[in-house]
Every structure is written in C-alpha cells, then in structure tokens.
Amino acid sequence: EPLGADRIWEDLPKGFDPGPILQEIEVLTKKQKGLQDVLSKNPNAEEDSSLQLLLSEVTQMLQQENKKLQDLYTQIENRRDQIIRLGHRAAAMDVTPYRRLCENIEDRMIAPIKYSPLPSEVLQADPDITVGVLSGPDKDEKVTSYGGPKGVYGRVVSTYPWAKHTDMRMGDPICDFYRLKLFENRMVIACADGCSWGIKPRRAAEASTKAFLDYFQHQKKQTESTRSLSERVLEGFAEAHMAILQDYDDPEEAGQCTLLAGVLGQIQQSGAHPYASPTITNNKDDLWAFVFGSVGDCKGFLWRKSTKEVIDLTFDEEEGRMDVSDSGGRLGPTTASCKPDLRNFSVHSVICKPGDMLLMGSDGFHDNLDPQSLGKTPFELGVGNMSTTWEQLAPTEAAKLKNQYRCWFLKHRVFTMSDVCPPTPKLVVNRVIRHCLQTTMKSREFMELYEGKKLPESYRDYPGKMDHTSCVCINVGVLPRPSTLQIHTGGK
C-alpha cells in the first residue's frame, strides 16, 4: 500500500488498479525462485542452457513488471494530488491531511496581524523521564494537582442547573478537558473546550488534548529552541485535528472543540552544553519560555511576580467583532472537506521567570470576568456617559475595555493575597471557580425553579454565563524531581 490508505483505490479508474501487476509479480517471483533452486541443487543443470535462458527471461519479465508498478505508483501520486486539488474529501483526509493542515496553519501563522515573532533562545535539552501526567475532569470531577498546591492545580466544574427528577445537570457530560505532561524541566499543556453539548464535543476535547501531548512525547528530542518549538506546536495542532476525525467512519459526524496548547520549557543557561543534564535550581534569574498555539476562545493569562501585573496572552482586538456565540475558530470538521476553522489561530511565545504563574481555561471561566456579563456598563469603567451601552462602542474599543477589566479583576480579586499568604495555584484556581459559581448562582436557581422557562435577559439581575468551566494554574519553575513527586486527587 504505497499511500497507506485503502479508500484511495475507490476513487481511481480501473487502469490505476495495481492488483493485476502485483499478481504477475508474485507468479514471476515464484518461477524465478524455483529455477534458482533447481540450478543450485543440481550441478548438471548449470550446463543446461535452456534453464539459464528461461531464468534470464523470467528475471527480465520481473524487472519489467516492477517498473510498471513503480510507474503506476507515480501515476497514483499524481492522481492523488489532482483529487486533493479538486477538493475530494475522502482522499484529502486519508492521504494528505497532515500536510494540508500544516500548510493551512503555517499560512495563518505568518500573517503579520496574527503572528508574534518568536525569540530563538535555546531551551534546555529534554530529560528522558516523565515526572507526572494530569488530566481532568474524571467522572467524579475531582481536583487534580501536582507537586502539592504550589505546583500545578487544575479543576473543571459545570455551572449549569440540575435537571429535575434526575441526577444530571443540563449540558452533561462536561465537554471541557485538560491534560498536562510534566518532565523535570518541561511541561506540555493542552486545554480544550468542546463546542456545544453531548458526547461528540466531549470526545473531541479529550482526543485533541491527548493527541497533542502524545505528539510531543515522541517529538521531544527535536525541540531545542523556541523557534523550532513553534513549528512543533503547529504540527501538534495538526495531530489534534486528525485525532478528532479518526474515530468516525464518516468524519463529518465528529465533534468540534477549541484548543489552547503549548510547551513550557526552561531556557538553556548561557555557556551550558545543549545536552547537559538539566538542573532545576529555581533561581530567580532563570528564564522559562512558554510557546503555545490557540484556536477558538480558550484563554491564557500570565501573572508577573515581579510587577504583580496580569497579561492576557491570547488577547486579539478582533474578539470584539465576533458574535458572542462565535468562538472565532475550532478544530474538527467545520467544512464539507472536514477542515478546521483557523480564522483566529495564532502562535505565540512569552518569557517567564520562576514564581510567575500561568492561568488557562475555557470561556466558562473568562466569560464570567467579562464586565458586560457581570452587569457593568462602560460608564462604570470610565468610558462614555451613564446612557452609553456596550453596543454603542466600537467593537475593538469594547474588546480592549473588557480585556483591561479581566486583567484588573484577576490582579486584584484573584492573585492579590496577603504578604503572609502569597498566591498559589490552588488558591488561584479555587478563587476563580468560586467566583464563577457565585456569579451564576441566581441564573442557576431560576432555571431550577422555573424549568423550561427562558432566563430573563438582564445581566444586572442575572449576571454571568452558565457553562462548562475549566481552570488550570501553573507556578513557573516549580517542577520537583520524581523523588519528590506528589500527585493529589481531591474531592469535588
């Protein structure tokens, strides 16, 4: 199978079928072997010129058939490319989906408005050992953490109401999913949000995060710089997209999801050999790089320990131009040819120091930091007058204002702790989740009390957005060695 896909033969004319040639090669190969055996076992047979002549003819015929087969494979390759250019769905998926998807991603990546220049610092060489793997939610929606509450902490909940007379909530099962794979000086991270409700988006979120992590498990030796790492991120997204499709006989039936995924790695210290054994000193002068891609509306924030400021790593002014129901992009079959929607796909790199914190999650988390969904007006944030509405602002102006508020909220309401109690991933995640649950409480109570009745459209009276809500926080530089590994599974 030169192309590695059975279905390609269904799309080719009969003249492209290699079956007859393969059968002829098999027959001639048996004849050739038989003649060679006779000549080798019977010394007198070597003097029989007729046998020698017959062997020569069979060998020549075999060479001709092999040449025919090679020519046919070349024609099939050309035919395959022709089919792909014509947009044939099955051939494009089964034969060259990986290359085609990478081409799409690279095109988006080099667009000036979407691409952040990546520094070329050399990352420390990957150690061979995997320290730990985290994922969530499980069926009990338990908390998962690594290295204790100060290392990595993740939590996924649903803020939807419970359905009457059942033990299920609206929107179950939860369609958010995250996975982290940790090495001694590197971490691979993937957070996905299944689009809509049901098993299909849940499977899409699980499959995409697993495929991204699995890809880096096999490719880790190739990632020696942030620039090469960005290329691996592109390929990881391609793997994630294909993983969503591959479990379905008809890939158009697969679910869809948004994805934020990347690699947090320690930068090689100046003068150190690229393949020297890594040492995790947690020195305040150490530098780490987070190289990541994002498609859709999952968000990532960085809290700087030195300045106490919060930065939205995924902010895009074009957010304001999108409908609230539009995620901006997604993986999975979004077209008849099963391609992903990469409108807002981007790749970025940010330099961090030990003690900085990365906070990532789905829109169920950051939508509840949106001042509009919290019932606040532009005037309350210092823009316009008392009658100014969000709809009256220019889309980009509204997006900037909302971004400023989200960062302000995280800085002052989430990351700001007392000097006695500095922020930790556990405290940060639990504050975020508690805020989301409390903000949506009135909406949830209304839906449970008046089942089937539409929620009033008033963010003042019913603030927030009910949704599947995932949140993961990482303390940069806190990656204990395997001997100090602590993976904790707590209660709901």
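Quick look at the numbers
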| quantity | calculated |
| --- | --- |
| Residue pairs, from the table K200/K353; K308/K426; K164/K426, whose Cα atoms sit over 29 Å apart | K200/K353; K164/K426 |
| Order by protection proxy (mean Cβ within 10 Å, highest first), peptides 335-346, 445-456, 165-176 | 335-346, 165-176, 445-456 |
| Violating pairs (Cα-Cα greater than 25 angstrom) within the set K181/K299; K210/K400; K210/K442; K305/K376; K305/K400 | K210/K400; K210/K442; K305/K376 |
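No value in this document is a laboratory result; all are computed from the given coordinates. As the structure is a computational prediction, the values presented were derived from the model and not from experiment. Every residue, glycine as well, gets a Cβ built from its backbone with ideal geometry; the counts of neighbours run over all protein chains shown.
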